[in-house]
Amino acid sequence: MKKARKIRDGLLYGIMAAALVLVAVILLLILAYILVLSAGFLNLSFVFAPPENGGIFPMVITTFYVVAVSLAIALPAGIMTAIFLNEYSGNTPVVGLLRLAIETLAGVPSIIYGLFGLLVFCRVFKFGQSIIAGAFTLSIMILPVIIRTVEESLKTIPASFREGSLSLGATQFQTIFFVVMPQALPGIAGSAILAIGRVVGESAPVLLTVGITRNLPKSIFESGRTLTIHLYYLTKEAISPDDFGIAFATAGILIIVVLLINSAAKLITWAFKNRSRTKTSNF
């Protein structure tokens, strides 16, 4: 019986390891394919040159603006909503309605968000096609991802942590802020990374709300063009092999930008986690 169980566990472990290797190989193949086809075009002059000289610097800046502003709006709101749902709320009809709204938001097609943002933020609030209008639109779109991920992270924290803190005289707010949240920081970082990937990869809402102008935005109230939209137009208008090379070089820069933003999110979370641990030990 034990031998059969060991064989079964070993087989399952082998399947999971093979799946992990397969995912890693697919990722490496995609990266290698993009880098090989962008060889000869991917360089510093391509990144920092103005658009009229074939550069993509304004698109990189616009992408950073859109990601930063979207996270600045959605991350605090998503974290607070997840805390309320997991730590304060019960199984009331209002909470059930709120969960239904979150699930509905997660299933709405991105083009609907784009039309909503175009009508509400661009026209009603008179932001026009701008980075701030696109950021508000994208922040609504990524809210369900952040709420779900953070809430699941909060659920994994043992109840004994909360009970021990409360028994020592801490308030519920102090318990959440000093005990629960430091343990949930990896989940918060995961939600931020998932949200970044969603924001960078979207095209329809960005096209309708941020715009397609290739200028370097001086503020978030100006229009711009993200790397995803720029890549779409490059592939749409590509004719010669050099055009496709430039498109693949843009795709390579897009991947590098995503990696840099994700790494920054990880570092910031790591710094906050160490700081929170110090406060917890002092507390």
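The values are calculated or read from the model by the stated rules, or taken from the named source; none is laboratory data. A quick note: this is a predicted structure, and the numbers were derived from the prediction, not measured. Don't worry about glycine lacking a Cβ; one is built from the backbone with ideal geometry, like all the others, and counts go over all protein chains shown.
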So which of 186, 217 is in contact with a Phe, Trp or Tyr (Cβ under 8 Å, 6 or more places away or on another chain) and either touching a residue at least 60 places away in the same chain (Cβ under 8 Å) or aliphatic (A, V, I, L, M) (or both)? 217
Near pairs, Cβ below 6 angstrom, 6+ apart or cross-chain, from segment 154-166 (farther than 10 Å from residue 176 by Cα) to any residue that is loosely packed, with under 11 Cβ neighbours inside 10 Å and of a type outside the set (Phe, Trp, Tyr): none
Take segment 204-243 and flag every residue that is modelled with pLDDT under 80 and either of a type in the set (A, V, I, L, M) or assigned to a helix (DSSP H, G or I) (or both). 237, 238, 239, 241, 242, 243
Being in contact with a helix residue (DSSP H, G or I) (Cβ under 9 Å, 6 or more places away or on another chain) and of a type in the set (A, V, I, L, M): is that true of residue 254 here? yes
Picking from 33, 13, 65, the residue that is over 30 Å from residue 222 (Cβ atoms), modelled with pLDDT of 90 or more and among the hydroxyl-bearing types (Ser, Thr, Tyr) would be 13
Residues (surrounded by 10 or more Cβ atoms within 10 Å (Cβ to Cβ) and either charged (D, E, K, R) or in a helix (DSSP H, G or I) (or both)) located in segment 98-110: 98, 99, 100, 101, 102, 103, 104, 105, 106, 110
